[in-house]
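Written out below as structure tokens is the structure these notes cover.
The values are calculated or read from the model by the stated rules, or taken from the named source; none is laboratory data. Quick caveat, the model's predicted, so the values are computed rather than measured. Backbone-built Cβ (ideal geometry, glycine too); neighbour counts: all protein chains shown. Remember, those area values only see protein heavy atoms, side chains included, never the ligands or the DNA or RNA. Shrake-Rupley method; radii C 1.70, N 1.55, O 1.52, S 1.80 Å.
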Amino acid sequence: MTTHHLPGDPPIPLTLRRSARARRISLRVSALDGRVTLTVPLRVTDHVAVAFAAEKEDWIRGHLGRRPEIVKVGIGSVLPIDGVRHQIVQGAGKRVVRDAGLLKVPKGEAGAVAQRYLRELARERLVAASDIYAARLGQGYSRITLRDTRSRWGSCSSQKALMYSWRLILAPPQVLRYVAAHEVAHLTEMNHSSAFWATVGQIFGDYEPPRQWLRAHGAELHRYHFKDV
């Protein structure tokens, strides 16, 4: 991959990715981090690819302008937990305390402390939900891991290992439970066939509202930055 820039205020970095399978230039603006990627056929020059992006500059800047504003998490900032807004404040004790719309954190790097608390809470909720839905299917899973994934909210491997994004704890509880049911359903259906969706409905119920919530608001969960990196 190579990187170029569209001039302007501000300049826009362009990542060029060459693909033997590409038949034409395609353009993608990530809703998560704003990265602009051009997928380019092997014989297309960088100059032609950048010129293509220049023709789409208004469209690109429009998409970048609609991205949610980044929130650096620290004392005084507000973030959702279970879909409910909480303000981070300095606590008096050595434990994180969640109380009446406040997240009270002990002394230290507030963002990192809050992130550890949220990951632990996410694990607790996702393990509980996965256990419930796996029991309804009469299936078992091998393990659960949590990551800060950018392109998916969860996965299920052929070895029955479940993976989830810990950021699901920021979403309403029904959304977190839907993702758990979705991945657990893959224990019996490793596809997205009609049989798979019937299984999700069987163990979860009406999955369309939380599914649509993720499509509409999922990218917003990545606006919260917890560490200086």
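Some points to look at:
- With DNA, RNA and ligands ignored, accessible area of H217 (1.4 Å probe; Å², nearest 10): 70 Å²
- Normalising the average separation of contacting C-alpha pairs (under 8 angstrom, six or more residues apart) by the number of residues puts the relative contact order of the chain at 16 percent.
- Distances between every pair of Cα atoms in region 1-112, grouped in 10 Å steps from 0 to the bin holding the largest one, split as 13, 31, 17, 17, 17, 6, 0 percent.
- Where labels lie 7 Å past Cα in the beta-carbon direction, separation of L64 and R18 in nm: 2.5 nm
- With both labels modelled 7 Å from their Cα along Cα-to-Cβ, the W213 to T37 distance reads 2.8 nm.
- Beta bridges by DSSP in region 130-192, antiparallel share as percent, to the nearest 5: 40 percent
- Cβ-Cβ FRET estimate between R116 and Q159, R0 fixed at 35 Å, reported to 0.05: 0.80
- Heavy-atom accessible area with a 1.4 Å probe sorts Y178, Y141, largest first, into Y141, Y178.
- Taking a ≥ b ≥ c as the square roots of the Cα gyration tensor eigenvalues, the chain comes out oblate, since a/c reaches at least 1.5 and a/b does not exceed b/c.
- DSSP-defined beta bridges in region 64-156 - what % are antiparallel, rounded to 5: 65 percent
- Semi-axes of the equivalent ellipsoid for region 54-142, Cα gyration tensor, largest first, Å: 31, 27, 11
- Highest to lowest packing among 126-136, 150-160, scored as the average C-beta count within 10 Å: 126-136, 150-160
- Length gained on full extension, V97 to R223, computed as 0.36 nm times the residue gap minus the Cα-Cα distance: 43.1 nm.
- Straightening the chain between Q139 and R28 buys 36.1 nm, computed as 0.36 nm per residue apart minus the Cα-Cα spacing.
- A simple spin-label model places the labels of R85 and A51 4.9 nm from each other, with each point 7 Å out along Cα-to-Cβ.
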